[in-house]
Amino acid sequence: MSVTPLAAHHPSDRPGPAFRGRIGRDARSGHYAVPRRYRLHLSPADPDGLRIAVTHSLLGLDRACPVTFLPAVPDCPDGGHSALRPLYEASAHHYTGPALGPVLSDDWSGRIVSTHGPDIARDLARHFGGGRPSLYPCGAESEIEAVQRMCAQGVEQAAQRAGSADAGPAERAEALDTLLDTLGVLERGLAAQPHLIGDQITAGDVELWVTLVQLDTVHRHHLDASAVRRVAGHPALWAYARRLTAHPAFGRHLDLDGIARRHQARCRGLEAAGAAVQILDWAALALDADRARPQVERP
């Protein structure tokens, strides 16, 4: 499937990362790939955390890079996690911002390497994924970046605007058109091949799957029933989402209760009729993935 970026750009409302170190190839880089040197701190109820958790499982890194799971709903008034506060304070003198996840920390120094989700996932795949199928195949980087932009702008942000209580009817209708056009492009590509790029799972598939989870479990609640039915009217796209959810590296990390609680804690929008029109039975799919895990997961 050939993917091209959207022309329009809509800035994300996510705060910028407080730390953006990178893992390099050797000791000269400072942070280099050593098994059990690094630790992830994340919540699968958060989209960035879910992307990293799936990437981590696809790479089979349970032993090489342990994970500490965070609560779905942060416990600090500023939206941060109290469990992460010591790491933030050790990494930046007099740090006053929220202690947000996800975090990649260095157990050797007790400090944070990065809080930038895409960098964390990319570095795990590039420097700890030896001997496994590449999530960033050679020559596919631009297509993966285009998928990320398409998901962020054409699906995530468009769905938010289409269901915004603060937007007028014309703006909501335009945003819904953008959403449906984007889903249509993805539908046509996935009707012809099983994955977005090439014949194997890549980081582009992880990105799109997490975006579809958010679309059906979060954004759907603010769309009317007619809009949700039009969103659901892409059989190849949702069959693809169903197939990936059955893969243990994906479905095992679905925290549906956590996603719902996180949404309720953060959302100030109005619930619409689309809340009652579920597209996929994610709970049943996740249960099937969990049952399948012993047969397909790497030792």
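The values are calculated or read from the model by the stated rules, or taken from the named source; none is laboratory data. Quick caveat: nothing in here was measured; it's all calculated off a predicted structure. Using ideal geometry, Cβ is built from the backbone for each residue, glycine included, and neighbour counts are taken over all protein chains shown. Remember, those area values only see protein heavy atoms, side chains included, never the ligands or the DNA or RNA. Shrake-Rupley method; radii C 1.70, N 1.55, O 1.52, S 1.80 Å.
Quick one: order ASP62, ASP205 from most to least accessible surface, probe 1.4 Å.
Ranked list, largest accessible area first: ASP62, ASP205.
Using the Cα gyration tensor of the range 202-299, with a ≥ b ≥ c the square roots of its eigenvalues, what is the shape: rounded (a/c below 1.5), prolate (a/b larger than b/c) or oblate (neither)?
Taking the square roots of the gyration eigenvalues as a ≥ b ≥ c, the range 202-299 is prolate.
In percent, how large is the relative contact order of the range 129-252, given Cα pairs closer than 8 Å and 6 or more residues apart?
About 30 percent, as a whole number.
I'd like the antiparallel share, as a percent to the nearest 5, of DSSP beta bridges with both residues in the chain.
65
How far apart, in nm, are two points set 7 Å out from the Cα along the Cα-to-Cβ line at TYR95 and at ASP177?
So the two model labels end up 4.5 nm from each other.
With r as the distance between the Cβ atoms of ARG28 and ARG266 and R0 = 35 Å, compute the FRET efficiency 1/(1 + (r/R0)^6) and round to 0.05.
0.25
Relative contact order of the chain, please, whole-number percent, based on alpha carbon pairs below 8 angstrom and at least 6 residues apart.
Worked out over the chain, it gives 21 percent.
Given that compact globular proteins tend to follow 2.2 N^0.38 Å, what is the ratio of the alpha-carbon Rg of the range 162-226 to that value?
Taking the Cα Rg and dividing by 2.2 N^0.38 Å, one obtains 1.30.
Using the Cα atoms of the range 52-165 to build a convex hull, what is its mean projected area in square nanometres?
9.5
If contacts are Cα pairs under 8 angstrom and at least 6 residues apart, what is the relative contact order of the range 203-299 in percent?
Relative contact order of the range 203-299: 44 percent.
Quickly rank 159-168, 34-43 as a protection proxy: mean count of other C-beta atoms within 10 Å, highest first.
My ranking of the peptides, most packed first, is 34-43, 159-168.
With axes computed from alpha carbons, what is the tilt in degrees of helix 282-296 against the longest principal axis of the chain, rounded to the nearest 10 within 0 to 90?
Around 40 degrees separate the two axes.
Distance between Cα centroids, the range 34-48 to the range 126-180: provide it in whole Å.
What the calculation gives is 22 Å, centre to centre.
Report the extension gain between TRP108 and LEU287 in nm, rounded to one decimal, defined as 0.36 nm multiplied by the number of residues separating them, less their alpha carbon distance.
Extending this stretch completely gives an extra 60.7 nm.
ASP224: accessible area at probe 1.4 Å, nearest 10 Å²?
90
Please find, in a Gaussian network model of the chain (springs between Cα atoms separated by less than 10 Å), the residue of GLY30, GLY269, GLY139 whose mean-square fluctuation is greatest.
Among GLY30, GLY269, GLY139, the largest GNM mean-square fluctuation belongs to GLY139.
Under the 0.36 nm per residue contour assumption, what length would be gained going from the current alpha-carbon distance of ASP257 and ARG63 to full extension?
67.1 nm
Please compute, for the alpha-carbon atoms of the range 87-241, the extent along each of the three principal axes and give them in descending order in Å.
Taking max minus min along each principal axis of the Cα atoms, the range 87-241 gives 53, 41, 22 Å.
If I compute semi-axes √(5λ) of the Cα gyration tensor in Å from the structure I just sent, which labelled value in (i) 31, 23, 18; (ii) 34, 21, 20; (iii) 26, 24, 21 lines up?
Entry (i).
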